[in-house]
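The structure appears right after this line, and notes come after that.
Any read-out appearing in this document is the output of simple, stated calculations on the displayed coordinates, not a laboratory observation. All of these numbers come straight from a predicted model, not from anything done at the bench. For neighbour counting, all protein chains shown are included, and Cβ atoms are generated from backbone atoms with ideal geometry for every residue, glycine included.
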Amino acid sequence: MIENDTDMKPDRRRGPDLWVKTLRWLGVFGWFIMIAALFIIDRARPEEENMFTKAANVSVRTTWNMELFHYLFYLMIFGLCISVIGIVINSRRHHRADDRFRYILIILGIISAFGIIKYLYKF
């Protein structure tokens, strides 16, 4: 049995459009922000005393570097904004059967929201 071809609309897309490209770049940029946040966490945390610092009588910082920690908070807010913008664009764009949802933006938003809550709860 042959189906009627008049009901089916032809797919006229010639590759990813502007919104799909925007979603891709938002995800990439958001994860670069997250990598920068991990680097800031590493630099802001208290230093550990080891046998070399003990032997050289070098003082180590035992508290968090609050200036870097504030930058981390702003990066988390920026990451959450990127995630929300990407999720809104993706929900508006998600109409066809072959469109896929970008779960990476959801994960980025959850991690950013958790970081913001942790910052606000700690201070």
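Summed over region 34-64, the residues that are farther than 21 Å from Lys122 by Cβ and surrounded by 12 or more Cβ atoms within 10 Å (Cβ to Cβ) give a count of 2. Do the conditions hold for Phe101, that is, is it under 26 Å from Leu23 (Cβ atoms), surrounded by 11 or more Cβ atoms within 10 Å (Cβ to Cβ), out of contact with any helix residue (DSSP H, G or I) (no Cβ under 8 Å at 6 or more places or on another chain) and aromatic (Phe, Trp, Tyr)? It is false that Phe101 is under 26 Å from Leu23 (Cβ atoms), surrounded by 11 or more Cβ atoms within 10 Å (Cβ to Cβ), out of contact with any helix residue (DSSP H, G or I) (no Cβ under 8 Å at 6 or more places or on another chain) and aromatic (Phe, Trp, Tyr).
Based on what the data block shows, is Ile35 part of a helix (DSSP H, G or I), over 27 Å from Lys21 (Cβ atoms) and free of Cβ contacts under 8 Å to residues at least 40 places away in the same chain? Here the answer is no, as Ile35 does not meet what is asked.
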